[in-house]
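Reading through the structure tokens given below for one structure.
Read-outs: derived from the displayed coordinates by stated rules, not from any lab. The shown structure was predicted, so the numbers you read here are calculated from the model rather than taken from an experiment. Cβ sites come from the backbone with ideal geometry, for glycine too, and all protein chains shown count toward neighbours.
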Amino acid sequence: MGVNAEIEYPVIEFRSSDLKRGTDGWNCLCKRVREACETFGSFEVVYEKISTEVREEVFRLIKELVEVPVERKQKNVSPVPFHGWVGSSPQISLLYEGFGVGDASNYDSIKSFAQLMWPDGYPHFCDIVYTLATQMEELNKLIWLMIIDSYGLGEESLKMSYTTLIRMVKYMAPPSGKFESGLFPHTDKPISTLICEDKISGLEIEVKDGQWLRLSNLSPSSFVFMVGDPFKAWSNGRLKSGMHRVMMSGDKDRYSIAAFAVPNKGTIIKAPKELIDDQHPQLYKDFDFMEYFFFTASDIAKRFNSNQQIDAFAALSPPISN
Ligand SMILES: O=C(O)CCC(=O)C(=O)O
Ligand SMILES: [Fe+2]
């Protein structure tokens, strides 16, 4: 059950010169992104187009946010799962505290959130968080495009309307000398996630059964891209939605911000026909994303491990061949 340091985790640098679709550099990135997502279900992306100053300022602001009185934090609620404030609790972790802002690339959503937290609505907070959220959404889009191109598919194969949920999280340092869970092992339920952390490591990826790889020494320009369960279903099982968790050690608190691609109500997850053939029979039925999202937050879903929920909800057995 150790943390395995020998496995070579993919670190993929997105140089501006390689980001022109159709060039050799682009095609090479597509191949590496696909391999990473099929093998690990995630990778580290080095992306200098998002400035480190903006990142650092967001983390400074999150440190202010966690100081807001709890009565105001409790106003950050939503009927949609995983969208609101969660304080320290035995269900998630005593070390965890997270805030959620849905549709974060819409300035008004961030403004409404900030107005709940601060009497003056803190315009600087809105500007900076909006900047990072929109840039992370762009990066996510770029990675989707690489995945589509890597399978030789057209853009319409993954066309859907979705919004970006951001979660701003503080993981408290554990009691001295302890190694404690900050976030339990899970797979992500939105289509995909980009995680941005503030220097302190803690995120671990399950590389084999029970073998966890700790992602440490991420560059200041790095993000972690994570495939979610519906993306795995869309790819007809090619992409992996990997288990990950946060483990805390040492005496420093950890801060992270994650941007999740959450499809709008009514979106159907359906594998493109090009990804279904006799060698790759259809593994999942077409399903409504929101029904799955709500299912994963239900009591029934708790009977399954996080990485079994997509199969419990949508697996076709036996698979249908084309
Ligand atoms: O904070 C992190 O590094 C990971 C967060 C995460 O996995 C999640 O919120 O789903
Ligand atoms: Fe996650």
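Quick look at the values:
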| item | result |
| --- | --- |
| Qualifying residue in the stretch 248-259 (condition: within 16 Å of ligand 2 (Cβ to nearest atom) and part of a loop (DSSP other than H, G, I, E, B)) | no |
| Candidate set from the stretch 238-265 (those that are within 17 Å of G102 (Cα to Cα) and surrounded by fewer than 19 Cβ atoms within 10 Å (Cβ to Cβ)); member that is farthest from the chain's Cα centre (by Cα) | K265 |
| All positions within the stretch 202-225 that are among the polar types (S, T, N, Q), surrounded by fewer than 18 Cβ atoms within 10 Å (Cβ to Cβ) and in contact (Cβ under 8 Å) with a residue 40 or more places away in the chain | Q211, S219, S221 |
| Candidate set: the stretch 239-298, residues that are away from ligand 1 (no atom under 16 Å from the Cβ) and of a type in the set (F, W, Y); chosen: the one farthest from T131 (Cα to Cα) | Y284 |
| Single condition D188 does not satisfy, out of (1) within 12 Å of ligand 1 (Cβ to nearest atom); (2) buried (at least 16 other Cβ atoms within 10 Å of the Cβ); (3) assigned to a strand (DSSP E or B) | (3) |
| Filter result (of a type in the set (K, R) and in contact with a strand residue (DSSP E or B) (Cβ under 7 Å, 6 or more places away or on another chain)) within the stretch 274-322 | K285 |
| Of all residues making up the stretch 53-82, the number that are over 26 Å from M290 (Cα atoms) and either within 16 Å of ligand 2 (Cβ to nearest atom) or in contact with a Ser or Thr (Cβ under 8 Å, 6 or more places away or on another chain) (or both) | 1 |
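Yes/no per residue for (1) in contact (Cβ under 8 Å) with a residue 60 or more places away in the chain; (2) in a strand (DSSP E or B); (3) acidic (D, E):
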{"site": "I7", "(1), (2), (3)": "yes, no, no"}
{"site": "L29", "(1), (2), (3)": "yes, no, no"}
{"site": "F43", "(1), (2), (3)": "yes, yes, no"}
{"site": "E53", "(1), (2), (3)": "no, no, yes"}
